[in-house]
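The values are calculated or read from the model by the stated rules, or taken from the named source; none is laboratory data. All values derive from a computational prediction rather than experimental measurement. With ideal geometry, Cβ positions are generated from the backbone for all residues, glycine too; neighbour counts draw on all protein chains shown.
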Amino acid sequence: MGEAFVGAFERVLMRAFGRPEGILGRLGGMLMAKMNQPCAAWAIGLLEIREHDRVLEIGFGPGAGIQLLAAAAPSGHIDGIDPSQEMLAQATARNAAAIARGRVGLRIGSVERLPCEASTFAPGFTAYSGQKPGGLIERLTAAGFVEAKLVETEKAFCVLAVEP
């Protein structure tokens, strides 16, 4: 019975936070928008984005980071991909004005099939993401990225890497 409960709990967490869908995904998105904004702001600050930069956010969730990116590059363009239809809906609503002006483009997608070339990126993770920092540098290097480095705080960590 214990294993069945753990398995059911993991499925609930995935529907709320891993690949949000349905009512759990809507609630998870609302929580993520509030709780993950400090981590997103920190990771975005590490990128040193300039006014005209083009940025790709992988796994944009409810779109709070997209908002921050659009503000950091007021004459640039922000693209985003996320595998969740629910997160696409929330991020689209949250960034409707920037999308209407053609400054933000959001779509369903995954890191395995990037819709455009990315030269520098910064995956940022909160302590609640379930992701561990161990092995990330090696995976990025194996995928062909260079200058990969890990930046950590008590509550979050971020990996910066460049595609040659």
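Observations on the model:
- Within the stretch 50-84, considering residues that are surrounded by fewer than 21 Cβ atoms within 10 Å (Cβ to Cβ) and of a type in the set (G, A, S), the one farthest from L27 (Cα to Cα): S75
- On the stretch given as the stretch 55-88, residues that are within 20 Å of I108 (Cβ to Cβ), in contact with a strand residue (DSSP E or B) (Cβ under 6 Å, 6 or more places away or on another chain) and not hydrophobic (A, V, I, L, M, F, W, C) total 7.
- Single residue of A40, A71, A16, A33 found to be of a type in the set (A, V, I, L, M), at pLDDT 90 or above and assigned to a helix (DSSP H, G or I): A71
- Residue in the stretch 147-162 that is closer than 20 Å to G28 by Cβ, surrounded by 14 or more Cβ atoms within 10 Å (Cβ to Cβ), hydrophobic (A, V, I, L, M, F, W, C) and at pLDDT 70 or above present: yes
- Top-ranked residue in the stretch 85-119 [being at pLDDT below 60 and not aliphatic (A, V, I, L, M); ranked as farthest from I49 (Cα to Cα)]: E112
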